[in-house]
1. Any idea what the relative contact order of the stretch 178-284 is, in percent, if you count C-alpha pairs under 8 Å spaced at least 6 apart?
2. Considering Cα pairs under 8 angstrom that are at least six residues apart, work out the relative contact order of the chain and quote it in whole percent.
3. Note down the net charge around residue 246, summing +1 for each Lys or Arg and -1 for each Asp or Glu among other residues with Cβ under 14 Å from its Cβ.
4. Could you give the spread of the C-alpha atoms of the chain along their three principal axes, from largest to smallest, in whole angstroms?
5. From zero outward in steps of 10 Å, how is the percent of C-alpha pairs of the stretch 121-172 spread across the bins?
6. With +1 assigned to the C-beta of every Lys and Arg and -1 to the C-beta of every Asp and Glu, and no other charges, what is the dipole magnitude of the stretch 146-213 about the Cα centre in debye, to the nearest 20?
7. Using +1 at the C-beta of Lys and Arg and -1 at the C-beta of Asp and Glu, which of 167, 277, 226 has the Cα lying farthest in the positive direction of the dipole of the chain?
8. On the Cα set of the stretch 178-284, report Rg and Dmax in Å, please.
Amino acid sequence: MALPFAIKGDHLLRELVPYVVATPANLPLLDLSPFGLHTPAENILDPLRLQSATFLDLLHKLDGLTFGPEGMPMPKWVFYDCSELPGAIYGLARPAATVWPKVRELFQIPDDYQGLVPVSMYVAIPMPQPGVWFGHNLSSLAPVFRRLELVPDLDLAGLGSLTKGLALKCFRVQQFWGATQWLSKALYIHAKFGPLALQTAYTPAHSEHETLTYGFRCTDEALRASMGDPEIELVRPAVQEWIDGRDVARLKALQVSIEAGDSWCIPASPRPVGDAMLVPVSRL
Ligand SMILES: CC(C)(COP(=O)(O)OP(=O)(O)OC[C@H]1O[C@@H](n2cnc3c(N)ncnc32)[C@H](O)[C@@H]1OP(=O)(O)O)[C@@H](O)C(=O)NCCC(=O)NCCS
């Protein structure tokens with residue numbers, strides 16, 4: 001399998017296959033061949049059916065393995081009520097028959113299981129306006145692969161970006177909204193889609209107050225750029241200031257400015273500083 005343009009994680013599509021989780025009501029509204037990458041019928045899972053149970057358990061384990069260390073693993077009912085039912089899940093997986101032994105062990109895959117083993121997922125939920133979606137969850141096992149040396153000769157770098165880019169195309173998203181923490185490494189991925197319009201900079205409504213709410217238009221160029229297509233160059237405003245996500249006073253001031261009507265964006269990728277990072281912002 002390949003995409004009709006160059007991507008960073010080309011080899012990932014030789015190792016992994018796409019899957020979709022959606023109800024029969026939501027499924028016809030999705031693009032099951034995002035950028036021509038076909039999702040085989042047997043890789044489409046209906047959360048309303050008993051036969052999906054083991055795969056959905058594995059997805060829940062994937063969430064625990066990736067979000068657990070971030071302190072935000074999803075209870076299973078949230079997964080059902082806020083992901084599988086109202087929205088859709090897109091990701092990449094490996095058939096159990098060929099899954100790597102250490103990954104089989106990590107997931108504690110039942111011996112008789114013949115289905116898919118997910119290594120990434122993207123979950124989004126449609127908002128009331130047509131084409132507008134909220135990104136609920138991005139998980140990639142790539143860092144776990146690296147940390148636990150699950151398959152030493154296979155580098156899954158690029159998996160998170162590729163999964164989010166394909167998922168937004170699959171869900172036919174036109175305008176995207178998401179929420180993430182100022183210190184989340186996922187910001188390196190989100191910024192690949194182009195300048196991120198800030199809707200909040202300090203968010204007491206979220207359990208993590210140092211959360212930002214951001215959005216971007218989901219053009220094909222934005223999605224291709226996110227996957228590393230070298231032919232796409234997005235227009236980005238100049239960086240005005242670098243924000244340290246631990247500087248709560250600055251985040252609060254930014255929030256006050258947004259609420260007063262000023263437009264701010266994250267124009268480009270964060271800059272790593274030791275284990276932490278600085279996030280660029282620009283006033284438009
Ligand atoms: C965040 C997560 C999805 C990343 O998955 P991944 O497969 O490693 O992602 P990718 O390889 O596509 O992209 C990671 C990018 O971050 C960059 N990055 C990560 N840590 C970095 C650091 N310390 N310094 C510089 N760049 C860094 C990588 O270089 C890469 O960018 P590049 O492709 O331009 O090189 C994964 O770690 C995860 O599941 N985390 C837990 C859950 C989570 O936080 N989800 C996001 C919620 S909003």
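1. 32 percent
2. Relative contact order here is 16 percent.
3. -3
4. 57, 41, 40
5. Computed distribution, short to long bins: 24, 40, 23, 10, 2.
6. Rounded to the nearest 20 debye, it is 260 debye.
7. Among 167, 277, 226, the one farthest towards the positive end of the dipole of the chain is 277.
8. Every Cα atom of the stretch 178-284 included, Rg and Dmax give 13.4, 40 Å.
Values in this text are rule-based calculations from the coordinates and carry no lab data. Being a predicted model, the structure only gives us computed values, none of them experimental. Glycine also receives a Cβ, built like all others from the backbone with ideal geometry; neighbour counts cover every protein chain displayed.
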